[in-house]
1. Scan segment 120-138 for residues that are part of a loop (DSSP other than H, G, I, E, B) and more than 18 Å from the chain's Cα centre (by Cα) and jot them down.
2. Considering only segment 268-341, give the strands (runs of 3 or more DSSP E) lying wholly within it that have at least 1 residues that are of a type in the set (Ser, Thr, Tyr) and touching a strand residue (DSSP E or B) at 6+ places or on another chain (Cβ under 9 Å).
3. Go through the residues of segment 210-225 one by one and say whether even a single one is in contact with a strand residue (DSSP E or B) (Cβ under 8 Å, 6 or more places away or on another chain), outside the structural domain of Val90 (by TED's automatic domain parsing), open to solvent by 70 Å² or more (accessible area, probe 1.4 Å) and in contact (Cβ under 8 Å) with a residue 40 or more places away in the chain.
4. Output the residues belonging to segment 221-235 that are within 22 Å of the chain's Cα centre (by Cα) and closer than 13 Å to Asp198 by Cα.
5. Which pairs have Cβ atoms under 8 Å, sit 6 or more apart or on different chains, and link a residue in segment 51-75 that is free of Cβ contacts under 8 Å to residues at least 12 places away in the same chain to one that is open to solvent by 20 Å² or more (accessible area, probe 1.4 Å)?
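The values are calculated or read from the model by the stated rules, or taken from the named source; none is laboratory data. From a predicted model like this one, the values you see are computed outputs, not experimental measurements. With ideal geometry, Cβ positions are generated from the backbone for all residues, glycine too; neighbour counts draw on all protein chains shown. We work out accessible area using only protein heavy atoms, side chains counted, and drop any ligands, DNA or RNA first. Shrake-Rupley method; radii C 1.70, N 1.55, O 1.52, S 1.80 Å.
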Amino acid sequence: MSAPTESRASLHQHPIYRIEARMLTVAAITDLTPTIRQVVFTDPTGRPLPSHEPGAHVVVTTHPGTERQSRNAYSLTGDGVLPRDYRISVLRKSAEDGGRGGSEWVHTLGVGDLVEIEGPRSHFAPRHDQRHALLVAGGIGITPILSHARALRRWAGTAEVLYAYREGFGAHLDDLAELGRSPGITVHLATGESEMLDLMTSRFADQPLGTHAYACGPAGLLETYQQVGRDAGWPTDRMHLERFAAPELDPGAPFTATVLSTGTRVDVAPGVSLLTALLEAGVAVPNLCRQGVCGECLIPVRSGEVEHRDFVLSEDERAVGDRMLCCVSRGVENVELEVDL
Ligand SMILES: Cc1cc2nc3c(=O)[nH]c(=O)nc-3n(C[C@H](O)[C@H](O)[C@H](O)COP(=O)(O)OP(=O)(O)OC[C@H]3O[C@@H](n4cnc5c(N)ncnc54)[C@H](O)[C@@H]3O)c2cc1C
Ligand code: FES
(Lines give C-alpha, C1' and ligand atoms only; values in the text may rest on other atoms or scores of the structure.)
(Ligands and ions follow the chains in the order given, each with its own letter.)
Protein backbone atom coordinates (compact mmCIF):
# COMPACT_ATOMS: atom_id res chain seq x y z
CA MET A 1 0.00 0.00 0.00
CA SER A 2 3.00 2.33 0.21
CA ALA A 3 3.42 2.82 -3.55
CA PRO A 4 0.52 5.26 -4.11
CA THR A 5 1.68 7.47 -1.20
CA GLU A 6 5.22 7.56 -2.54
CA SER A 7 4.11 8.39 -6.07
CA ARG A 8 1.83 11.15 -4.74
CA ALA A 9 4.69 12.63 -2.73
CA SER A 10 7.06 12.61 -5.69
CA LEU A 11 4.36 14.11 -7.92
CA HIS A 12 4.04 17.06 -5.56
CA GLN A 13 7.80 17.55 -5.57
CA HIS A 14 7.62 17.97 -9.34
CA PRO A 15 8.88 21.43 -10.40
CA ILE A 16 5.48 22.44 -11.81
CA TYR A 17 4.07 22.43 -8.25
CA ARG A 18 6.80 24.76 -6.93
CA ILE A 19 5.43 28.00 -5.59
CA GLU A 20 8.38 29.00 -3.40
CA ALA A 21 10.72 31.75 -4.66
CA ARG A 22 12.47 30.69 -7.90
CA MET A 23 13.95 32.38 -10.95
CA LEU A 24 11.78 32.89 -14.06
CA THR A 25 12.86 34.39 -17.38
CA VAL A 26 11.38 37.55 -18.91
CA ALA A 27 10.09 36.20 -22.24
CA ALA A 28 8.32 39.30 -23.61
CA ILE A 29 7.55 42.91 -22.77
CA THR A 30 4.72 45.01 -24.22
CA ASP A 31 3.82 48.61 -23.45
CA LEU A 32 0.03 48.59 -23.05
CA THR A 33 -0.25 52.33 -22.27
CA PRO A 34 2.34 55.08 -21.67
CA THR A 35 2.52 53.98 -18.00
CA ILE A 36 1.48 50.30 -17.99
CA ARG A 37 3.84 47.58 -19.16
CA GLN A 38 3.00 43.89 -19.57
CA VAL A 39 5.80 41.47 -18.62
CA VAL A 40 5.61 37.78 -19.56
CA PHE A 41 7.60 35.25 -17.48
CA THR A 42 8.43 31.66 -18.41
CA ASP A 43 10.32 28.85 -16.72
CA PRO A 44 13.97 28.87 -17.93
CA THR A 45 13.75 25.10 -18.55
CA GLY A 46 10.58 25.47 -20.64
CA ARG A 47 8.34 23.62 -18.17
CA PRO A 48 4.73 24.67 -17.61
CA LEU A 49 4.16 26.78 -14.49
CA PRO A 50 1.89 25.95 -11.53
CA SER A 51 -1.81 26.50 -12.17
CA HIS A 52 -3.57 29.09 -10.05
CA GLU A 53 -6.99 30.34 -9.06
CA PRO A 54 -8.43 33.27 -11.01
CA GLY A 55 -7.47 36.56 -9.30
CA ALA A 56 -4.18 35.16 -7.90
CA HIS A 57 -0.96 37.17 -7.68
CA VAL A 58 2.77 36.50 -7.64
CA VAL A 59 5.41 38.23 -5.54
CA VAL A 60 8.31 39.78 -7.47
CA THR A 61 11.65 40.57 -5.79
CA THR A 62 12.63 44.03 -6.99
CA HIS A 63 16.13 45.62 -6.85
CA PRO A 64 17.63 42.18 -5.96
CA GLY A 65 20.92 42.17 -4.09
CA THR A 66 20.83 45.91 -3.33
CA GLU A 67 19.86 47.80 -0.20
CA ARG A 68 16.63 48.75 -1.99
CA GLN A 69 15.60 45.06 -2.38
CA SER A 70 11.88 44.70 -1.81
CA ARG A 71 8.96 42.44 -2.75
CA ASN A 72 5.90 43.57 -4.69
CA ALA A 73 2.66 41.69 -5.43
CA TYR A 74 1.38 41.61 -9.03
CA SER A 75 -1.87 39.98 -10.20
CA LEU A 76 -1.72 37.35 -12.91
CA THR A 77 -3.96 38.10 -15.89
CA GLY A 78 -4.33 34.55 -17.26
CA ASP A 79 -7.12 32.06 -16.52
CA GLY A 80 -4.75 29.99 -14.36
CA VAL A 81 -5.14 26.62 -16.10
CA LEU A 82 -1.82 24.87 -16.88
CA PRO A 83 -0.12 28.17 -17.78
CA ARG A 84 2.90 28.11 -20.08
CA ASP A 85 3.68 31.63 -18.87
CA TYR A 86 2.74 34.16 -16.19
CA ARG A 87 1.63 37.60 -17.38
CA ILE A 88 1.60 40.68 -15.19
CA SER A 89 0.75 44.28 -16.11
CA VAL A 90 2.48 46.89 -14.02
CA LEU A 91 1.58 50.56 -13.62
CA ARG A 92 4.71 52.69 -13.18
CA LYS A 93 4.24 54.52 -9.88
CA SER A 94 6.69 57.38 -9.55
CA ALA A 95 8.12 58.67 -6.28
CA GLU A 96 5.85 61.76 -6.60
CA ASP A 97 2.87 59.35 -6.62
CA GLY A 98 4.16 57.73 -3.41
CA GLY A 99 5.90 54.80 -5.11
CA ARG A 100 8.94 53.19 -3.45
CA GLY A 101 10.55 52.30 -6.76
CA GLY A 102 9.49 48.67 -7.16
CA SER A 103 7.17 49.28 -10.11
CA GLU A 104 9.81 51.51 -11.74
CA TRP A 105 12.30 48.64 -11.39
CA VAL A 106 9.88 46.28 -13.20
CA HIS A 107 9.77 48.85 -16.03
CA THR A 108 13.57 48.53 -16.41
CA LEU A 109 13.45 44.77 -17.11
CA GLY A 110 14.55 43.45 -20.50
CA VAL A 111 13.82 40.24 -22.39
CA GLY A 112 16.08 37.45 -21.10
CA ASP A 113 16.44 38.85 -17.56
CA LEU A 114 15.99 36.39 -14.70
CA VAL A 115 13.61 37.54 -11.96
CA GLU A 116 12.82 35.99 -8.56
CA ILE A 117 9.12 35.15 -8.40
CA GLU A 118 7.19 33.61 -5.51
CA GLY A 119 3.65 32.20 -5.63
CA PRO A 120 1.04 32.24 -7.08
CA ARG A 121 -1.19 32.88 -4.08
CA SER A 122 -4.67 34.30 -3.79
CA HIS A 123 -7.12 36.17 -1.60
CA PHE A 124 -9.47 37.06 -4.43
CA ALA A 125 -10.74 33.77 -5.83
CA PRO A 126 -14.23 33.22 -7.26
CA ARG A 127 -16.75 31.87 -4.72
CA HIS A 128 -17.84 28.28 -5.19
CA ASP A 129 -21.58 29.06 -5.12
CA GLN A 130 -21.24 31.73 -7.84
CA ARG A 131 -23.72 31.31 -10.71
CA HIS A 132 -22.88 34.54 -12.52
CA ALA A 133 -20.27 37.26 -11.93
CA LEU A 134 -20.38 41.05 -11.99
CA LEU A 135 -16.74 42.06 -12.50
CA VAL A 136 -15.89 45.72 -11.80
CA ALA A 137 -12.47 47.27 -12.52
CA GLY A 138 -10.88 50.70 -12.57
CA GLY A 139 -7.47 51.55 -14.05
CA ILE A 140 -4.76 49.00 -13.27
CA GLY A 141 -7.34 47.05 -11.22
CA ILE A 142 -8.28 45.37 -14.50
CA THR A 143 -5.55 42.73 -13.95
CA PRO A 144 -7.25 40.28 -11.53
CA ILE A 145 -10.64 41.03 -13.13
CA LEU A 146 -9.28 39.93 -16.52
CA SER A 147 -8.13 36.68 -14.91
CA HIS A 148 -11.66 36.06 -13.51
CA ALA A 149 -13.25 36.84 -16.89
CA ARG A 150 -10.85 34.57 -18.78
CA ALA A 151 -11.50 31.70 -16.36
CA LEU A 152 -15.26 32.15 -16.79
CA ARG A 153 -14.83 32.00 -20.55
CA ARG A 154 -12.78 28.80 -20.23
CA TRP A 155 -15.39 27.11 -18.02
CA ALA A 156 -18.40 28.43 -20.00
CA GLY A 157 -19.49 30.67 -17.10
CA THR A 158 -21.25 34.01 -17.52
CA ALA A 159 -20.20 37.50 -16.48
CA GLU A 160 -20.63 41.20 -17.00
CA VAL A 161 -17.41 43.21 -16.93
CA LEU A 162 -17.51 46.95 -16.12
CA TYR A 163 -14.21 48.76 -16.75
CA ALA A 164 -13.51 52.42 -16.01
CA TYR A 165 -10.36 54.03 -17.38
CA ARG A 166 -9.02 57.43 -18.33
CA GLU A 167 -9.26 58.18 -22.06
CA GLY A 168 -5.96 57.10 -23.64
CA PHE A 169 -4.89 55.07 -20.56
CA GLY A 170 -7.07 51.95 -20.79
CA ALA A 171 -5.07 48.71 -20.50
CA HIS A 172 -6.12 45.40 -22.05
CA LEU A 173 -8.90 46.96 -24.14
CA ASP A 174 -8.21 44.53 -27.01
CA ASP A 175 -8.37 41.59 -24.60
CA LEU A 176 -11.68 42.87 -23.23
CA ALA A 177 -13.09 43.33 -26.74
CA GLU A 178 -12.15 39.72 -27.52
CA LEU A 179 -13.74 38.51 -24.26
CA GLY A 180 -16.87 40.48 -25.10
CA ARG A 181 -17.27 38.38 -28.26
CA SER A 182 -17.43 35.17 -26.15
CA PRO A 183 -20.87 33.73 -25.41
CA GLY A 184 -22.08 34.70 -21.92
CA ILE A 185 -19.63 37.58 -21.38
CA THR A 186 -20.66 41.22 -21.79
CA VAL A 187 -18.20 44.08 -21.47
CA HIS A 188 -19.16 47.68 -20.63
CA LEU A 189 -16.58 50.48 -20.77
CA ALA A 190 -16.69 53.88 -19.05
CA THR A 191 -14.22 56.75 -19.35
CA GLY A 192 -15.50 59.03 -16.59
CA GLU A 193 -16.59 58.76 -12.96
CA SER A 194 -20.24 59.69 -13.54
CA GLU A 195 -20.46 57.31 -16.49
CA MET A 196 -19.11 54.49 -14.26
CA LEU A 197 -21.52 55.42 -11.45
CA ASP A 198 -24.49 55.21 -13.86
CA LEU A 199 -23.19 51.92 -15.22
CA MET A 200 -22.72 50.38 -11.77
CA THR A 201 -26.13 51.62 -10.61
CA SER A 202 -27.89 50.09 -13.60
CA ARG A 203 -25.96 46.79 -13.60
CA PHE A 204 -26.20 46.17 -9.81
CA ALA A 205 -29.97 46.56 -10.12
CA ASP A 206 -30.23 43.94 -12.86
CA GLN A 207 -28.29 40.79 -11.94
CA PRO A 208 -29.63 37.23 -11.80
CA LEU A 209 -29.97 35.34 -8.50
CA GLY A 210 -26.69 33.74 -7.45
CA THR A 211 -24.48 36.55 -8.78
CA HIS A 212 -21.28 37.43 -6.91
CA ALA A 213 -19.63 40.81 -7.54
CA TYR A 214 -15.85 41.39 -7.56
CA ALA A 215 -14.06 44.73 -7.81
CA CYS A 216 -10.50 46.00 -8.03
CA GLY A 217 -9.33 49.54 -8.64
CA PRO A 218 -8.55 52.86 -6.98
CA ALA A 219 -9.98 53.64 -3.52
CA GLY A 220 -12.66 56.02 -4.90
CA LEU A 221 -14.01 53.41 -7.31
CA LEU A 222 -14.11 50.78 -4.56
CA GLU A 223 -16.05 53.13 -2.25
CA THR A 224 -18.58 53.79 -5.03
CA TYR A 225 -18.84 50.05 -5.69
CA GLN A 226 -19.60 49.33 -2.02
CA GLN A 227 -22.10 52.20 -1.78
CA VAL A 228 -23.96 51.25 -4.98
CA GLY A 229 -24.09 47.59 -3.87
CA ARG A 230 -25.45 48.56 -0.44
CA ASP A 231 -28.03 50.91 -1.98
CA ALA A 232 -29.16 48.13 -4.30
CA GLY A 233 -29.63 45.83 -1.26
CA TRP A 234 -26.78 43.44 -2.03
CA PRO A 235 -25.61 41.31 0.93
CA THR A 236 -21.97 42.00 1.79
CA ASP A 237 -21.06 38.30 1.48
CA ARG A 238 -21.83 38.55 -2.25
CA MET A 239 -19.56 41.55 -2.80
CA HIS A 240 -15.79 41.04 -2.89
CA LEU A 241 -12.91 43.37 -3.58
CA GLU A 242 -9.16 43.50 -3.79
CA ARG A 243 -7.06 46.56 -2.98
CA PHE A 244 -3.59 47.18 -4.38
CA ALA A 245 -2.97 49.94 -1.83
CA ALA A 246 -4.67 51.27 1.28
CA PRO A 247 -5.56 54.77 2.50
CA GLU A 248 -3.44 56.44 5.23
CA LEU A 249 -4.33 55.33 8.75
CA ASP A 250 -4.39 57.35 11.96
CA PRO A 251 -1.47 56.57 14.34
CA GLY A 252 -3.64 54.50 16.72
CA ALA A 253 -3.34 54.07 20.49
CA PRO A 254 -0.47 52.56 22.52
CA PHE A 255 -0.63 48.91 23.63
CA THR A 256 1.65 46.04 24.67
CA ALA A 257 2.19 42.63 23.06
CA THR A 258 3.79 39.53 24.57
CA VAL A 259 5.32 36.82 22.34
CA LEU A 260 4.23 33.59 24.02
CA SER A 261 7.11 31.34 22.84
CA THR A 262 9.83 33.57 24.33
CA GLY A 263 8.06 35.86 26.80
CA THR A 264 9.38 38.90 24.86
CA ARG A 265 7.27 41.99 25.65
CA VAL A 266 7.03 44.85 23.15
CA ASP A 267 5.51 48.25 23.82
CA VAL A 268 3.83 49.55 20.68
CA ALA A 269 3.65 53.34 20.55
CA PRO A 270 1.16 55.35 18.46
CA GLY A 271 2.38 55.62 14.85
CA VAL A 272 4.41 52.38 15.14
CA SER A 273 2.94 49.13 13.82
CA LEU A 274 3.01 45.88 15.78
CA LEU A 275 4.89 44.41 12.80
CA THR A 276 7.66 47.01 13.14
CA ALA A 277 7.82 46.55 16.92
CA LEU A 278 8.12 42.76 16.53
CA LEU A 279 10.77 42.99 13.79
CA GLU A 280 12.80 45.44 15.88
CA ALA A 281 12.61 43.01 18.82
CA GLY A 282 14.10 40.30 16.56
CA VAL A 283 10.84 38.38 16.04
CA ALA A 284 10.65 37.21 12.40
CA VAL A 285 7.24 37.90 10.83
CA PRO A 286 6.68 37.48 7.07
CA ASN A 287 5.36 40.66 5.48
CA LEU A 288 4.87 42.23 2.07
CA CYS A 289 2.62 45.25 1.49
CA ARG A 290 2.64 46.71 5.06
CA GLN A 291 -0.72 48.26 4.22
CA GLY A 292 -3.17 45.55 5.27
CA VAL A 293 -3.99 44.46 1.73
CA CYS A 294 -1.90 41.34 1.00
CA GLY A 295 -2.55 39.06 4.00
CA GLU A 296 1.12 38.11 4.43
CA CYS A 297 1.64 39.25 8.05
CA LEU A 298 -1.16 37.19 9.62
CA ILE A 299 -0.27 36.19 13.21
CA PRO A 300 -2.22 34.13 15.76
CA VAL A 301 -3.58 35.97 18.82
CA ARG A 302 -4.16 34.08 22.10
CA SER A 303 -5.81 36.88 24.09
CA GLY A 304 -6.53 40.60 24.08
CA GLU A 305 -8.91 42.76 22.06
CA VAL A 306 -7.79 43.71 18.54
CA GLU A 307 -8.74 46.78 16.52
CA HIS A 308 -8.78 45.29 13.01
CA ARG A 309 -7.73 47.78 10.31
CA ASP A 310 -6.88 45.45 7.40
CA PHE A 311 -8.73 44.83 4.14
CA VAL A 312 -8.26 41.05 4.08
CA LEU A 313 -10.05 39.35 7.00
CA SER A 314 -13.80 38.80 6.74
CA GLU A 315 -16.22 39.90 9.48
CA ASP A 316 -16.53 36.23 10.53
CA GLU A 317 -12.75 35.81 10.78
CA ARG A 318 -12.50 38.98 12.86
CA ALA A 319 -15.31 37.84 15.15
CA VAL A 320 -13.40 34.66 16.11
CA GLY A 321 -10.68 36.98 17.46
CA ASP A 322 -7.79 34.52 17.10
CA ARG A 323 -5.72 36.26 14.39
CA MET A 324 -4.67 39.67 13.13
CA LEU A 325 -2.70 41.33 10.35
CA CYS A 326 -0.04 42.99 12.41
CA CYS A 327 1.17 45.54 9.84
CA VAL A 328 -1.95 47.68 10.38
CA SER A 329 -4.15 46.13 13.08
CA ARG A 330 -3.45 46.97 16.70
CA GLY A 331 -4.44 46.10 20.21
CA VAL A 332 -7.14 48.44 21.55
CA GLU A 333 -5.84 51.22 23.80
CA ASN A 334 -3.51 49.96 26.56
CA VAL A 335 -4.51 46.32 26.07
CA GLU A 336 -1.98 43.54 26.76
CA LEU A 337 -2.11 41.30 23.67
CA GLU A 338 -0.69 37.77 23.73
CA VAL A 339 0.53 36.65 20.31
CA ASP A 340 1.17 32.98 19.58
CA LEU A 341 4.55 33.29 17.89
C1 LIG B 1 -2.57 41.55 -4.17
C2 LIG B 1 -1.95 42.70 -4.93
C3 LIG B 1 -1.95 42.67 -6.31
C4 LIG B 1 -1.38 43.73 -7.04
N5 LIG B 1 -1.42 43.70 -8.41
C6 LIG B 1 -0.91 44.73 -9.12
C7 LIG B 1 -0.97 44.73 -10.56
O8 LIG B 1 -1.49 43.79 -11.17
N9 LIG B 1 -0.40 45.78 -11.22
C10 LIG B 1 0.17 46.85 -10.55
O11 LIG B 1 0.68 47.77 -11.20
N12 LIG B 1 0.21 46.89 -9.19
C13 LIG B 1 -0.29 45.84 -8.47
N14 LIG B 1 -0.22 45.87 -7.10
C15 LIG B 1 0.49 46.99 -6.44
C16 LIG B 1 2.01 46.67 -6.39
O17 LIG B 1 2.26 45.58 -5.50
C18 LIG B 1 2.84 47.86 -5.88
O19 LIG B 1 2.31 48.35 -4.69
C20 LIG B 1 2.90 48.97 -6.93
O21 LIG B 1 3.49 48.46 -8.12
C22 LIG B 1 3.74 50.16 -6.43
O23 LIG B 1 4.99 49.67 -6.05
P24 LIG B 1 6.15 50.60 -5.58
O25 LIG B 1 7.32 49.73 -5.24
O26 LIG B 1 6.41 51.62 -6.63
O27 LIG B 1 5.60 51.32 -4.26
P28 LIG B 1 4.85 50.81 -2.93
O29 LIG B 1 3.67 49.98 -3.24
O30 LIG B 1 4.59 52.02 -2.11
O31 LIG B 1 5.92 49.91 -2.12
C32 LIG B 1 6.18 48.60 -2.48
C33 LIG B 1 6.90 47.79 -1.40
O34 LIG B 1 7.56 48.60 -0.42
C35 LIG B 1 7.51 47.96 0.84
N36 LIG B 1 6.83 48.81 1.85
C37 LIG B 1 5.59 49.35 1.75
N38 LIG B 1 5.33 50.08 2.84
C39 LIG B 1 6.44 50.02 3.62
C40 LIG B 1 6.77 50.58 4.87
N41 LIG B 1 5.90 51.34 5.56
N42 LIG B 1 8.00 50.33 5.35
C43 LIG B 1 8.88 49.57 4.67
N44 LIG B 1 8.61 49.00 3.49
C45 LIG B 1 7.40 49.23 2.97
C46 LIG B 1 6.73 46.69 0.68
O47 LIG B 1 7.62 45.60 0.51
C48 LIG B 1 5.95 46.94 -0.58
O49 LIG B 1 5.58 45.75 -1.26
C50 LIG B 1 -0.79 44.83 -6.35
C51 LIG B 1 -0.79 44.85 -4.96
C52 LIG B 1 -1.36 43.81 -4.25
C53 LIG B 1 -1.36 43.85 -2.74
S1 FES C 1 2.10 42.88 5.10
FE2 FES C 1 0.42 42.84 3.74
S3 FES C 1 -1.31 42.67 5.05
FE4 FES C 1 0.37 42.96 6.36
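1. Within segment 120-138, His128, Asp129, Gln130, Arg131 qualify.
2. 298-303
3. The answer is yes; a qualifying residue exists.
4. Those that are within 22 Å of the chain's Cα centre (by Cα) and closer than 13 Å to Asp198 by Cα: Leu221, Thr224, Tyr225, Gln227, Gly229.
5. What qualifies is Gln69/His63.
Okay, residues lined up against (1) open to solvent by 20 Å² or more (accessible area, probe 1.4 Å); (2) in contact with a helix residue (DSSP H, G or I) (Cβ under 9 Å, 6 or more places away or on another chain); (3) not in a strand (DSSP E or B):
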| residue | (1), (2), (3) |
| --- | --- |
| Glu118 | yes, no, no |
| Ile140 | yes, no, yes |
| Arg150 | yes, yes, yes |
| Arg153 | yes, yes, yes |
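Here's the yes/no breakdown for (1) within 16 Å of ligand 1 (Cβ to nearest atom); (2) open to solvent by 50 Å² or more (accessible area, probe 1.4 Å); (3) among the basic types (Lys, Arg); (4) in the same structural domain as Thr61 (by TED's automatic domain parsing):
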| site | (1), (2), (3), (4) |
| --- | --- |
| Asn287 | yes, no, no, no |
| Gln291 | yes, yes, no, no |
| Gly295 | yes, no, no, no |
| Ile299 | no, no, no, no |
| Arg309 | yes, no, yes, no |
| Arg318 | no, yes, yes, no |
| Arg323 | no, yes, yes, no |
